[in-house]
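Colleague: This is the structure, below, for whatever I ask next.
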Amino acid sequence: MPQRVAIVGTGQTDHKSHRPDVNQREMINEAVVRALEDCEMTIRDIDAIIIGNMDHFESINYVDTWSVEGSGGVMKPIMKITTGGTTGASVAIAAYYHVASGLFDKVLAIGWEKNSESDTTAAIVTCSDPVWDRFSYSGAIPSLASEASAYMEQYGATQHDAARVAVRDRKNAMNNPHAHLRKPVTIEDVMASPMLAYPVKLGDVCPRTDGACAVVLAADGIAQKVTPRPAWFVASAVRHTYTWFGDSTDYDQGLVSLKNASREAYQKAGIRNPADELDVAELYLPYTYAGLKYIEALDFCAPGHGPRFVADGHTEIDGKIPVNPSGGVISTNCIGATALLRVAEAAIQIMGKGGKRQVHGANLALATGFGGCFWSDVVLLCGDRP
Amino acid sequence: MPNWVDEVEPMTFKGQIAVPYTWWVGDTGSRFLEAIRDQATFLGTRCPDCDTVYVPPRKNCGRCFTALDQWVEIARRGVVTAFTIVRANHPLQPVKSPFAYALIRLDGASVSILHLITKDLARLSIGVTVEAHFKEASQRTGHILDIDHFQII
C-alpha cells in the first residue's frame, strides 16, 4: 500500500522573456527558496530532489548534478527526469512515486528553463526522428498547425473560436503576479497577428520564457503538520505514443494520449462527469486550438463541442470548469517548468493561496502536461485526504 | 548466408543542426569578470554561516543554502592544489601543449579556481606558489582567459 502524498509548498520565479541578472543555477535557486518558504521548511528537511528541463535547451548535460548549488542537492539523492514538454509533470509524478514508495518522506520537485539562452525551435527539432521526420515537420509549429487545420476541417471550428482561448488565458494572466505576458488581448488582436503556419498565428502560440518552478511533496502524517491545507495526490497517469509523427497522430481521433491518461485518472478518482465534478483545471495548452480540442479529450464536453463550450463561458474563472486561472501556457512558457507550473497552480488553488486568481472553494483540481509528439501526463489533486 | 552489405548500401544521415547558445553569467559572476577585465583583481563571496570564500563568487552557498552578499577582494597569488600536464594538442585547448591545467587556491579563498600554467613546468608541483598574469588591458574582454596564465614564483 503506497503512502499518501500531498503537495505542501510551491515556489516560482517572476517569469520573463530574459533573466540576464541570474545564471541558470541562480534562477533555480529563486524558485526553491520560495517553495521552502511557502511551507516553512529548510533544505535540510528535504530527503531527495527530482529536477528536469528540456534536453539540448541550455547545453547542460547533467542538470541534476551540475545544479546542486542552486537546487539544494549538495550531498542529497537527486535525479533528472526529462520527457520533453511533459517534463514538469513527469518531475512531479516521479516525486510523487518517490514519496508514495515510502522510501522518502519529503521530496522537492524542480522544473526550469532559460529559453533566452538558446534557439528554442532548433532545440525542439532534436525531439523528432533524425532520419525520417527532422528535415521539415519537426519543431513546435508545423505539427500543431496540421493538428489545428485537421480539427477545423473535422468540426467546422474557426480561427475566431481559437482566438477566444488566448483572450481567456491572457485575461487570467492579469491576476497572476508571476505570469510572463501580462497584457490582455482581443479576438481582433489575435486575428491581426502574423500568420506563422496556417491556421496558427503569433497570437495563438505560447511565448518563450525564462523561469523555474519548485514544489515540495510530503508524506501523510507530515503534510498535515506542515500546512493547514495540503493538496493531496488522488491520481496520476502518463501516456506516451510513437515519436514518428505519422504513427502518433491520427488527428481525427482527438488527443488520444490525453483521453487515455485522463480516463485512467478519472477512474482512480471515481470521477464520472469531469466538468461538473472538477473545480478547476490547469491545462498544458501550448496554443489556442488545444484549448478547443484537448478539453474534448478530457471529456469536459463532447467531441466537436469545444468551441461552443469555450464561447459559452464554461471555462472562464466563474464558469462551470475554470481553465487556467494562472494564465496558462499561452501567457508563460518556461518549458521544463511549464507542466510543473500546472501542477503547482492546481495545488495553489486547493491550498487557497491563489490571491486574485483564486477559484472560490476549489477542492478538486486537474493538471496536465503535453509534449513531444502528442503525449500526455495527468495529475489529480484534492483538498480531501484520499 | 549472404552479407547484407553486399545487397544494400548502408546509409547514414548527417545532422545539420547547430544550436547557438548564449549563457547569461548573472550579476554575481559578471562582477567577477568585470573586476578581472577592468582592475585585474579577483573578487570572491563569503558565506556568513560557514565562512567559505568562493572564487569565482557564488550567489548562494551550496552547503548552507544561504544567500551570499559579502564581497571580498582576493590575492593574485595562491597555491596549486592539483594539476595535470597536457602533452597532446587538440583544437579545443586554449593554448598549445605542453601546458598544465591546474586547480589554484588563491590566498584568501576557500576553494580552488581552474586555470593554466604554461611555463616552468619542470618546477610544477602540488603546493607551489603561483601568481596570476593578466593579458594587456586592451586585450581583456571580461572572460576567464583575461587571466593569461599563472606563473610559478
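Colleague: Among the hydrophobic types (A, V, I, L, M, F, W, C) and surrounded by fewer than 14 Cβ atoms within 10 Å (Cβ to Cβ): is that true of B:Leu106 in this structure? Talk me through it step by step, then tell me what you get.
Modeller: Values: among the hydrophobic types (A, V, I, L, M, F, W, C): yes; surrounded by fewer than 14 Cβ atoms within 10 Å (Cβ to Cβ): no.
Against the criterion (among the hydrophobic types (A, V, I, L, M, F, W, C) and surrounded by fewer than 14 Cβ atoms within 10 Å (Cβ to Cβ)), B:Leu106 does not qualify.
Colleague: Among (1) part of a loop (DSSP other than H, G, I, E, B); (2) away from chain A (no Cβ under 14 Å), which single condition is B:Thr81 missing?
Modeller: (1)
Colleague: If you go through segment A:37-71 one residue at a time, how many are over 21 Å from the mean Cα position of the chain (by Cα) and within 13 Å of chain B (Cβ to nearest Cβ)? Full working, then the answer.
Modeller: Residues of segment A:37-71 that are over 21 Å from the mean Cα position of the chain (by Cα), as a first pass: A:37, A:39-48, A:59-62, A:65-70.
Filter once more, keeping what is within 13 Å of chain B (Cβ to nearest Cβ): A:37, A:41-46, A:59-61, A:65-70.
Looking only at that region, the number is 16.
Colleague: Let me ask something else about it. Report whether or not A:Asp276 is surrounded by fewer than 18 Cβ atoms within 10 Å (Cβ to Cβ), within 22 Å of A:Asp204 (Cβ to Cβ), in contact (Cβ under 8 Å) with a residue 12 or more places away in the chain and not basic (Lys, Arg). Let's see the steps before the verdict.
Modeller: On the way: surrounded by fewer than 18 Cβ atoms within 10 Å (Cβ to Cβ): yes; within 22 Å of A:Asp204 (Cβ to Cβ): no; in contact (Cβ under 8 Å) with a residue 12 or more places away in the chain: yes; not basic (Lys, Arg): yes.
No.
Colleague: May I ask you to list the residues in segment A:337-360 that are more than 13 Å from A:Thr10 (Cα to Cα) and among the small types (Gly, Ala, Ser)?
Modeller: So in segment A:337-360, the residues more than 13 Å from A:Thr10 (Cα to Cα) come out as A:338-339, A:355-360.
Listed by number, the residues that qualify are A:Ala339, A:Gly355.
Colleague: Residue by residue through segment A:72-109, note down the ones that are within 14 Å of chain B (Cβ to nearest Cβ) and under 20 Å from the mean Cα position of the chain (by Cα).
Modeller: Taking segment A:72-109 and keeping what is within 14 Å of chain B (Cβ to nearest Cβ), we get A:72-76, A:78, A:108.
Scanning segment A:72-109 gives a single hit, A:Leu108.
Colleague: Within segment A:10-24, can you find the residues that are at the interface with chain B (Cβ under 8 Å from one of its Cβ atoms) and among the charged types (D, E, K, R)?
Modeller: Step one: list which residues in segment A:10-24 are at the interface with chain B (Cβ under 8 Å from one of its Cβ atoms), which gives A:18-24.
If the condition is that a residue be at the interface with chain B (Cβ under 8 Å from one of its Cβ atoms) and among the charged types (D, E, K, R), then A:Arg19, A:Asp21 are the ones that fit.
Colleague: In this structure, does A:Ile124 turn out to be within 24 Å of the chain's Cα centre (by Cα), outside any helix (DSSP H, G or I) and under 21 Å from A:Asn53 (Cα atoms)?
Modeller: On the way: within 24 Å of the chain's Cα centre (by Cα): yes; outside any helix (DSSP H, G or I): no; under 21 Å from A:Asn53 (Cα atoms): yes.
For A:Ile124, the condition - within 24 Å of the chain's Cα centre (by Cα), outside any helix (DSSP H, G or I) and under 21 Å from A:Asn53 (Cα atoms) - is not met.
Colleague: Say whether the condition of being surrounded by fewer than 24 Cβ atoms within 10 Å (Cβ to Cβ), in a helix (DSSP H, G or I) and not β-branched (Val, Ile, Thr) is met by at least one residue in segment A:350-372. Spell out the reasoning first.
Modeller: Of segment A:350-372, the ones surrounded by fewer than 24 Cβ atoms within 10 Å (Cβ to Cβ) are A:352-356, A:358-364, A:372.
Still in the list and also in a helix (DSSP H, G or I): A:355-356.
With the extra rule that they be not β-branched (Val, Ile, Thr), the set shrinks to A:355-356.
Checked against the condition, which is being surrounded by fewer than 24 Cβ atoms within 10 Å (Cβ to Cβ), in a helix (DSSP H, G or I) and not β-branched (Val, Ile, Thr), segment A:350-372 yields at least one hit.
All of the numbers you see were taken from the coordinates with simple rules; none came from a lab. The shown structure was predicted, so the numbers you read here are calculated from the model rather than taken from an experiment. Every residue, glycine as well, gets a Cβ built from its backbone with ideal geometry; the counts of neighbours run over all protein chains shown.
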